[in-house]
Amino acid sequence: QVQLVESGGGLVQPGGSLRLSCAAPKNIFSAYTMGWYRQAPGKQRESVATVTSGGSTNYADSVKGRFTISRDNAKNMVYLQMDSLKPEDTAVYYCVVIFGRPVYWGQGTQVTVFA
């Protein structure tokens with residue numbers, strides 16, 4: 001079983017920022033696309049952002065211009081910088097390893113944006 005360890009969630013007011021981090025095993029991290037998914041209460045999980053092993057990124061329309069995904073290949077880490085947060089960003093955020101589709105999931109970290 002691949003272990004993905006997320007950190008950085010929390011409570012923040014609208015307009016605030018948070019940075020999520022995810023540590024992945026080296027043999028997995030170097031070869032695969034990494035990403036962040038989220039699941040809000042009563043909703044299905046959705047893709048937020050992905051980054052390939054070569055550094056190409058893709059974002060959900062709802063977060064474009066506000067969120068930035070990045071990876072540090074030397075540290076086997078992937079990050080999600082979230083700025084200008086909105087209440088609708090409230091969700092559990094999951095770090096994922098993607099091979100065509102998400103194949104490994106972290107346990108999730110809660111992000112709550114409250115007024």
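The values are calculated or read from the model by the stated rules, or taken from the named source; none is laboratory data. Values in this document were obtained by computation on a predicted structure and should not be read as measured data. Quick reminder, even Gly has a Cβ in these numbers, built from the backbone with ideal geometry, and neighbours come from all protein chains shown. Note: accessible area is taken over every heavy atom of the protein model, side chains too, but ligands, DNA and RNA are not part of it. Shrake-Rupley method; radii C 1.70, N 1.55, O 1.52, S 1.80 Å.
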Checklist entry - What residues have an amide H closer than 5 Å to that of residue 2, excluding those fewer than 5 places away on the same chain, when H is modeled at 1.01 Å from N in the peptide plane? => result none
Checklist entry - Roughly speaking, to the nearest percent, how much of the chain's 1.4 Å accessible area is carbon and sulfur? => result 47
Checklist entry - Could you work out Rg/(2.2 N^0.38 Å) for the stretch 15-106, with Rg from alpha carbons only? => result 1.02
Next on the checklist: So, R0 is 25 Å and r is the distance between the beta-carbons of residue 1 and residue 31; what FRET efficiency does that work out to, to 0.05?
Outcome noted: 0.90
Checklist outcome for this item: Residue span residue 53 to residue 68: 0.36 nm per residue of separation minus Cα-Cα distance leaves a gain in nm of 3.8 nm
Checklist entry - Using a simple spin-label model with points 7 Å from Cα along the Cα→Cβ vector, what separation in nm is obtained for residue 84 and residue 107? => result 3.4
Next on the checklist: Taking amide H atoms as placed 1.01 Å from N in the peptide plane, list the residues 5 or more away in sequence, or in a different chain, whose amide H sits under 5 Å from that of residue 33.
Outcome noted: 53, 98
Checklist entry - Karplus couplings for the stretch 26-33 from phi (6.51 cos²θ - 1.76 cosθ + 1.60, θ = phi - 60°), rounded to Hz, Gly and Pro as x? => result 4, 5, 7, 4, 5, 9, 10, 5
Checklist entry - Using a Gaussian network for the chain with springs between C-alpha atoms less than 10 Å apart, which of these wobbles most: 101, 66, 19? => result 101
Checklist entry - Excluding ligands, DNA and RNA, what is the solvent-accessible area per residue of the chain at a probe of 1.4 Å, expressed in Å²? => result 53
